[in-house]
Amino acid sequence: MAMKIGSKPFFGRVDEALQDEFMRKAMSSAQDRLRGKKMLATVEDELVGDWEEWRSAGEEIRRHTLDNLDFYLDQLSENFSKRGGHVYFAATAEDATRYIQEVAKQKNAKKVTKAKSMVTEEIGLNEALEEVGCEVYETDLAEYILQIDDHDRPSHIVVPSLHKNKEQIRDTFRDKANYTGTEEPKQLAAFARSQLRETFMQADIGVTGCNFAVAESGTISLVTNEGNANMVTTFPETQISIMGMERLVPTWEELDVMTNLLSRSAVGQKITTYVTNLTPQLEEDSVDAPKEFHLVILDAGRSKALGTEFQSALHCIRCAACVNVCPVYRHIGGHAYGSIYQGPIGAVLSPILGGYEEYGELPFASSLCAACSEACPVKIPLHEQLIRHREIYVKEKAKTSEKLAMKTFGIGASSPSLFRLAVKGMPAMMKPFVKDDSISGGPGPIKLWTAVRDFPAPANSNFRKWFDNHKRGGGTDG
Amino acid sequence: MKVSLFVTCLSEMFYQNVAKDVVEVLERLGCDIDFPKGQICCGQPAYNSGYREDAQKAAKQMIASFENSEFIVTPSGSCAAMFKEYPDLLKDDETWHERAQTVADKTYEFTQFIVNVLKIEDVGAVYPARATYHTSCHMMRLLKETEAPFKLLANVKGLEMLPLANNYDCCGFGGTFAVKMAPISEQMVDEKVRHVEETTATLLIAADNGCMMNIKGRIDRKGKAIEVKHIAQILNSRVEGSV
């Protein structure tokens, strides 16, 4: 399953999404709610001071880290290993899953508990573990819901089950887990909790992602609200954490800034309920640490962005602030993107990680309104990166007709005489379609426009003539 | 004050009344306006679609037309923002990059120019109506101009301004996006029209012809009794006999 969601072509997925009234209502109300909460915790929180300064600090920290990625990865790896942890650099998703399968086999693991992690979705870890005979249990409530609902896919990087309402969740619990309660969220959560409690204690391996790794101490930092990550990392004897190779900070000082940016931007919280920091334990008799701690550092296409105009896409801290303000996501939801990384960051990241063949249409699924760039806590110029993707895509894949049209545009837009001819000729050309000063049919792309809206009739007068006349003191009629 | 009008291709082709209103308002405020004849289009259709080289051609044409101007004023936040993008678009050519910077530095959106350069917030307009205002994305986020239109509208006599819910959400225009991603764009403009209707305003004011064309096109198609006007049309509205 991995990164890709569904097998339909892009517009098929979009049509399907647009017909899902419930999902769309859920998306828009979630966006409105999250936007309000974020504002309260950022620009409107007096304790924060100037939010823009925080964003600049975040950008600087991320840029510095990525510019010196080799150094900090080395430092992280050294410090993690020094304390008895095992570090594995995975060049591909397959390398990562193979390594983790090996660990599972070695440990003769039967049960694996997992905290929420998008990177494990990216590499298809659950399937890989099931292949070697493990039962995998998602313990984040949203991921748990998706998992028992026949492995439904995430529609949001922070709130993966955003596309489901409480009634649907109740029904899923009833159908799949013999739930007898109501749709009341507290009851639903209590049920999931009771189901998971035993599992936590029986697990052989605990798997987590990584919000940030701290290079100076070899620490994995996890930001959660449910406390499940603590359970996942406390009971099993073996822990495996997986991180994208870009997800690290130099020191605890930067961790402080980044955690603030993350929790405030993601869910409008000053700090999440749990910030769990885990470092391999040197002491043999340590009671609450896993005996074996593996850290898998994943490339899987990320290094392709290093040193390119897309490097800053790796600054992303997966807060989904861009997703939460995107007017396109608002209407089509997450699954339509066809990638576990949705919204503006998904449209930027997916082609980098998965290529243009699979994800080349995503950068066009944006009106370039720049709400994403404005929302990003580390100032990734997302809408500009979408244009950079388009530049590459059209060179490789655009239709000849479109290329020709743009070439004509280039010629027309640099020749005033041609442009004047075009402006002059347009009313005549469009005349057959004009009715009451507007157009409702029309040729070529205009038809796509007029399928849902009227198009203005071209002006019959000549503004340049009017202007000359006006300057000479003439009347105001063109 | 000498001002060069960058009328925008959309205004020249479809909204000449807006262009005339811009000229008249600025003249009334004491500007001496000229119209550089070489101007065509800012190049955004090509630039946003990924055709960088074709956009560069358009940009060079515009730079050559406007580089000797004192101030460049345009009735579109989006086209003004595109002028500001020129230095980056031409960053690989030192000479053009510099010329682009000169043009970018003296470019202003119409309301921004009146409020921030002319330092005028009351243009003496009268327009009795219940209206709401569409905040266009590029003016708000790329030009970062959020106040000028509201300051000017607040001083229009007879005009009652109603707040628009979700005014920060894009109307779904996005240039070629509107046709390339037609089904998504349709939903976006529909929601925008819904929010405008909910204000009970009978007039929607905007400062960008692209957004206007989109929202008005949908409002007209649905047969809604809401007028859509460019802010220049409001600011040029006077009571008969006044100066």
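The numbers here are math on the coordinates, done by the rules we state, and not lab data. As the structure is a prediction and not an experimental result, all values here were calculated from the model. Here Cβ is always computed from backbone atoms with ideal geometry, including for glycine, and neighbour counts include all displayed protein chains.
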Cα pair distances exceeding 17 angstrom across the stretch A:350-401, given as percent: 39
Using Cα positions and a limit of under 13 Å, work out the aspartates and glutamates in reach of A:Lys435, with same-chain residues fewer than 8 apart set aside. A:Asp454, B:Asp220
Can you tell me which lysines have their Cα less than 17 Å from the Cα of A:Lys399? Leave out same-chain residues fewer than eight positions away. A:Lys407, B:Lys180
Can you give me the angle between helix A:343-354 and the longest principal axis of chain A, using Cα atoms only, in degrees from 0 to 90, rounded to the nearest 10? 70
Wrap a convex hull around the Cα atoms of the stretch B:1-96, take a quarter of its surface area, and give that in square nanometres. 6.1
Along the charge dipole of chain A, Cβ charges K/R +1 and D/E -1, which of A:Phe364, A:Tyr179, A:Ala57 sits furthest on the positive end? A:Phe364
Past the 13 angstrom mark, what percentage of all C-alpha to C-alpha distances in the stretch B:203-243 do you count? 55
Quick one: 3J(HN,Hα) in Hz for the stretch A:456-466, Karplus 6.51/-1.76/1.60 with θ = phi - 60°, rounded, Gly and Pro as x. x, 6, x, 5, 7, 8, 10, 4, 5, 5, 4
At 25 °C and 0.890 mPa s, the Stokes-Einstein diffusion coefficient in µm²/s for the stretch A:165-268, with hydrodynamic radius from the Kirkwood sum on alpha carbon pairs, is 153
Hey, in the GNM for chain B with a 10 angstrom Cα cutoff, which one of B:Thr135, B:Thr146, B:Thr74 fluctuates hardest? B:Thr146
Debye-sum result for the stretch B:75-114 in log10 I(q)/I(0), which assumes one identical scatterer on each alpha carbon, at q = 0.17, 0.24 Å⁻¹: -0.42, -0.70
How large is ³J(HN,Hα) for each residue in the stretch A:391-397, as worked out from phi by the Karplus curve 6.51 cos²θ - 1.76 cosθ + 1.60 (θ = phi - 60°), to whole Hz, x for Gly and Pro? 4, 6, 4, 5, 5, 8, 10
Note down, for the stretch A:11-161, the three equivalent ellipsoid semi-axes (square root of 5 times each alpha carbon gyration tensor eigenvalue), biggest first, whole angstrom. 32, 28, 14
In 10 Å bins starting at zero, report the fraction of Cα pairs in the stretch B:96-138 per bin as a rounded %. 20, 35, 31, 11, 4
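Filter A:Lys447/B:Lys57; B:Lys192/B:Lys229; A:Lys4/A:Lys116; A:Lys270/A:Lys291; A:Lys4/A:Lys397; B:Lys84/B:Lys216 down to the pairs with a C-alpha to C-alpha distance above 23 Å, please. Can you show the working numbers first?
On the way: A:Lys447/B:Lys57 28 Å; B:Lys192/B:Lys229 16 Å; A:Lys4/A:Lys116 18 Å; A:Lys270/A:Lys291 33 Å; A:Lys4/A:Lys397 21 Å; B:Lys84/B:Lys216 27 Å.
Over 23 Å apart, Cα to Cα: A:Lys447/B:Lys57; A:Lys270/A:Lys291; B:Lys84/B:Lys216.
Would you mind computing the Rg to Rh ratio of the stretch B:18-74 from its alpha-carbon coordinates, Kirkwood style for Rh? Intermediate results must be reported in sequence, preceding the final value.
Values: Rg = 13.7 Å, Rh = 12.8 Å.
Rounded to two decimals, Rg over Rh is 1.07.
What share of Cα pairs, in percent, lie more than 48 angstrom apart in the protein assembly as shown? Write out the running numbers ahead of the final one.
Numbers: 60921 of 259560 pairs.
Within the protein assembly as shown, distances greater than 48 Å cover 23 percent of Cα pairs.
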Projected area averaged over all directions for the convex hull of the alpha carbon atoms of the stretch A:212-342, nm², comes out at 9.7
Semi-axes of the stretch A:64-138 from the Cα gyration tensor (sqrt of 5 times each eigenvalue, largest first, whole Å) come to 26, 15, 11
So for chain A, averaging the separation of alpha carbon pairs under 8 Å that are six or more residues apart and normalising by length, what relative contact order in percent results? 19
Taking Cα centroids, how far is the stretch A:158-187 from the stretch B:2-47 in Å? 57
Is there a simple number for the mean count of other chain Cβ atoms within 10 Å of the Cβ of residues in A:382-392, and what is it? 3
Mean-square fluctuation check for chain B, GNM, Cα pairs under 10 Å: which of B:Ile215, B:Ile63, B:Ile120 is largest? B:Ile120
For chain B, built as a Gaussian network whose Cα springs stay under 10 Å, the top-fluctuating residue of B:Cys31, B:Cys79, B:Cys211: B:Cys31
Dipole of the stretch A:233-354 (Lys/Arg Cβ +1, Asp/Glu Cβ -1, origin at the Cα centre): which of A:Pro344, A:Ile297, A:Ile242 lies farthest to the positive side? A:Pro344
Of the beta bridges DSSP finds with both residues in the protein assembly as shown, what % are antiparallel, to the nearest 5? 20
Listed by chain and number, the residues whose amide H is under 5 Å from that of A:Val87, excluding neighbours fewer than 5 places away on the same chain and using placed H, are A:Leu295
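Output the peptides A:357-364, A:90-97, B:220-227, A:344-351 sorted from most to least packed, where packing is the average of other Cβ atoms within 10 Å over each peptide's residues.
Working: A:357-364: 20.9, A:90-97: 18.6, B:220-227: 14.4, A:344-351: 27.9.
Highest mean packing first, the order is A:344-351, A:357-364, A:90-97, B:220-227.
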If pairing requires two Cys Cβ atoms under 4.7 Å apart, which cysteines of chain A are left without a partner? A:Cys134, A:Cys210, A:Cys316, A:Cys319, A:Cys326, A:Cys376
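Using only the Cα atoms of chain B, build the gyration tensor, take square roots of its eigenvalues as a ≥ b ≥ c, and label the shape rounded, prolate or oblate: rounded if a/c is under 1.5, else prolate if a/b is larger than b/c, else oblate. Mind dumping the intermediate values first?
Values: a/c = 2.08, a/b = 1.21, b/c = 1.72.
Since a/c reaches 1.5 but b/c is at least a/b, the shape of chain B is classed as oblate.
How do A:384-392, A:197-205 rank on mean C-beta neighbours within 10 Å, highest first?
Values: A:384-392: 20.8, A:197-205: 16.9.
Top of the packing list down: A:384-392, A:197-205.
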Counting each pair of different Cα atoms once, what's the Kirkwood radius of the stretch B:165-243 in Å, rounded to one decimal? 13.4
Enumerate the amide H contacts of A:Asp140 below 5 Å, restricted to partners 5 or more residues apart or on another chain; note that Pro and chain-start residues carry no placed amide H. A:Lys116
Across the stretch A:422-430, in residue order, what do the Karplus-derived ³J(HN,Hα) couplings come to in whole Hz, using 6.51 cos²θ - 1.76 cosθ + 1.60 with θ = phi - 60° and x for Gly and Pro? 5, 4, 5, x, 4, x, 5, 5, 8
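Looking only at other chains, what is the average number of their beta-carbon atoms within 10 angstrom of each beta-carbon in A:69-76?
Working: counts 0, 0, 0, 0, 0, 0, 0, 0.
What the average comes to for A:69-76 is 0.
Please compute the alpha carbon radius of gyration of the stretch A:112-172, then divide it by the globular-protein estimate 2.2 N^0.38 Å. Two decimals is fine.
Numbers: Rg = 11.5 Å, N = 61, 2.2 N^0.38 = 10.5 Å.
In units of the 2.2 N^0.38 Å rule of thumb, it is 1.10.
Averaged over peptide A:12-18, how many Cβ atoms belonging to another chain are found within 10 Å of each residue's Cβ? Intermediate results must be reported in sequence, preceding the final value.
Numbers: counts 0, 0, 4, 1, 0, 3, 4.
For this peptide, the per-residue mean of nearby foreign Cβ atoms is 2.
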In terms of modelled amide H atoms, which long-range or inter-chain residues lie less than 5 Å from the amide H of A:His156? A:Leu162
